[in-house]
Amino acid sequence: MEAVQIVLRQGADLDGFRAAVRRLIAGAVSPQDVVWSGGETLFATAPPDAGPPVALPRAVADLIEHVICHRDPDRYAYLYALIWRVLHGERALLDVQSDRVVHRLEMLRKAVRRDLHKMHAFLRFRRLDDAGGERFVAWFEPDHYIVEATAGFFVDRFRGLAWSILTPVGSLHWDRERLIVGPPGKRSDVPDSDGFEAGWTQYYESTFNPARVNPALMRKEMPVRYWRNLPEAKSIARLIQTAPERVEAMIRQEAAMTIKRNPDKAVAAMADQNPRNLGELNRIIAASEPLVPGATRAVLGEGPIGAAVAFVGEQPGDQEDLEGRPFVGPAGLLLNGALAEAGIDRGSVYVTNAVKHFKFEQRGKRRMHQSPTAGEVKHYRWWLMKELEFVRPGLVVALGATAALALTGKVVTIRRNRGEAEFDGFPGYITVHPSYLLRLPDEETKRDAYAAFLRDLKRIAVLADHKKRCGERS
């Protein structure tokens, strides 16, 4: 049989594709006998009434509406292959994710959905006053032919405004009553800025949280190519550069407010009990109420008295709270592996936390970790220092900024203070917390950070061995 050629209009030609499918199915034309082409003309060759309607499962129809927007020139061939098989006995074909055609189409659908999300999230209107009055204009560069598919979203959201959205593949124009789909636009037709942007940028900078800066994740969720169209993006580089100083200022402010609000009544009461050894100290903290309600129990330190190294973390996690032992969750497993790789026996070291109770937020059935405030760290500091006094480690290691805050009594940034330190008479060392490594967004960054952490542990092993030998000689 001679191949049937179907030429569809440029872009996402859903109507042309449907008409072509009706004609092909009516003529019992199999997928291998069809040659599809699109993007070469503005008009479809398939007649509007090419055959009777084709009844497809709703899931297949939804898939078609998304995939038709993709730029892949083979999308029509894959869709028709799927339709043919569904109509010839494979009604549940979409449930077979391992099928080559289904897998390919699902990947195309995900790409289109991602592009739709980005257009919804990253498009910014600018005000333009012309002879017709106030109008708002935006420029966007989609990866796929999604302009018409987004029309309903923007009409619903900005129904009371007159606006235009210009892209390299088409445009949308809304006059408060009627939507017009037009030809591609030009970036130069959109103003560089307007009066609203200055206020928006100021608001964005005032709400920017430097403690949560993650440039790699920002680039993943908001690709750099969109930044030039976002007014707030002009501030991002400067905000990232000044993030460490802003974090320190936030912590200092929080610490000052907490000290003002919370006198040391709990610490004074604990000190009045005057424990004579680690066992008595543990009984005091085990019997005390959690500073933040909800924790199952106080999680006590673990390891030998006189350990060469004491590792101090932030606070127990969900698994630690349930088991009543420190560092048994994901961060603890990572620490165990790193210690072994560095030649440090986990059983020979002392492990504990600056804060002794698990602080969390309940989300459904999950308990999500919440970082302790400076005041909460201060509440437990007397207990931690007394604990170390009884354990008498040769070297104390602060795992993360919270542990360093507890051991020094002041704000410490890991980036600036990583390495050897002094903690109230204890020789010390500052490094990252293992959970930091688990939160890193990509494998390359995670690999480099783990290598740096491993170097710290090897240095800690050398320092601990040196102090041990010096102690034996003395």
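The values are calculated or read from the model by the stated rules, or taken from the named source; none is laboratory data. No experiment lies behind these values; they were computed from the predicted model shown. Note: ideal-geometry Cβ built from the backbone for every residue, glycine included; neighbour counts use all protein chains shown. In case anyone asks, the SASA skips ligands and DNA or RNA and just uses the protein heavy atoms, side chains included. Shrake-Rupley method; radii C 1.70, N 1.55, O 1.52, S 1.80 Å.
Things worth noting here:
- Residue in region 404-413 that is in a strand (DSSP E or B) and either touching a strand residue (DSSP E or B) at 6+ places or on another chain (Cβ under 6 Å) or among the aliphatic types (A, V, I, L, M) (or both) present: no
- Scanning region 417-458 for residues that are among the basic types (Lys, Arg) and either without any contact (Cβ under 8 Å) to a residue 40 or more places away in the chain or at positive phi (or both) returns Arg418, Arg439, Lys446, Arg447, Arg455.
- Residue within region 139-153 that is at positive phi, open to solvent by less than 70 Å² (accessible area, probe 1.4 Å) and not β-branched (Val, Ile, Thr) present: no
- Of all residues assigned to region 425-437, at least one qualifies as being open to solvent by 40 Å² or more (accessible area, probe 1.4 Å), touching a helix residue (DSSP H, G or I) at 6+ places or on another chain (Cβ under 9 Å) and more than 19 Å from Ala464 (Cα to Cα).
- Region 14-50, residues that are modelled with pLDDT under 70 and either surrounded by fewer than 14 Cβ atoms within 10 Å (Cβ to Cβ) or outside any loop (DSSP other than H, G, I, E, B) (or both): Gly38, Gly39, Glu40, Thr41, Leu42, Phe43, Pro47, Pro48, Asp49
Yes/no matrix, rows are residues, columns are (1) not in a helix (DSSP H, G or I); (2) not aliphatic (A, V, I, L, M):
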{"position": "Pro52", "(1), (2)": "yes, yes"}
{"position": "Leu56", "(1), (2)": "yes, no"}
{"position": "Ala61", "(1), (2)": "no, no"}
{"position": "Glu65", "(1), (2)": "no, yes"}
{"position": "Arg71", "(1), (2)": "yes, yes"}
{"position": "Tyr76", "(1), (2)": "no, yes"}
{"position": "Leu82", "(1), (2)": "no, no"}
{"position": "Arg85", "(1), (2)": "no, yes"}
{"position": "Glu90", "(1), (2)": "yes, yes"}
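- Residues of region 140-170 that are within 11 Å of Met119 (Cα to Cα), free of Cβ contacts under 8 Å to residues at least 60 places away in the same chain and touching a helix residue (DSSP H, G or I) at 6+ places or on another chain (Cβ under 7 Å): Pro142, Thr150, Phe153, Ile165.
- Inter-residue pairs, beta-carbon under 9 Å, first over 15 Å from Ile6 (Cα atoms) and in region 44-62, second at pLDDT below 65 and aromatic (Phe, Trp, Tyr), 6+ apart: none
- One residue stands out in region 376-403 among those that are charged (D, E, K, R) and in a helix (DSSP H, G or I): the one that is nearest to Gln319 (Cα to Cα), namely Glu376.
- Scanning region 414-431 for residues that are under 23 Å from Ser371 (Cα atoms) and assigned to a loop (DSSP other than H, G, I, E, B) turns up just one, Arg418.
- Contact map, region 1-26: first residue of a type in the set (Asp, Glu), second residue crowded, with 18+ Cβ neighbours inside 10 Å, Cβ cut-off under 8 Å, separation 6 or more or different chains; pairs are Asp13/Gly38; Asp13/Ala44; Asp13/Ile68; Asp15/Ala44.
- Condition met for Ala406 (open to solvent by less than 30 Å² (accessible area, probe 1.4 Å) and modelled with pLDDT under 90): no
- Yes/no for Pro184 being within 20 Å of Arg9 (Cβ to Cβ), surrounded by fewer than 13 Cβ atoms within 10 Å (Cβ to Cβ) and free of Cβ contacts under 8 Å to residues at least 60 places away in the same chain: yes
- Looking at Ile236, Ile285, just one residue is β-branched (Val, Ile, Thr), modelled with pLDDT of 65 or more, on the phi < 0 side of the Ramachandran plot and open to solvent by less than 20 Å² (accessible area, probe 1.4 Å), and that residue is Ile285.
- Verdict on Val397 being within 17 Å of Thr352 (Cβ to Cβ), surrounded by 16 or more Cβ atoms within 10 Å (Cβ to Cβ) and either without any contact (Cβ under 8 Å) to a residue 60 or more places away in the chain or within 35 Å of the chain's Cα centre (by Cα) (or both): yes
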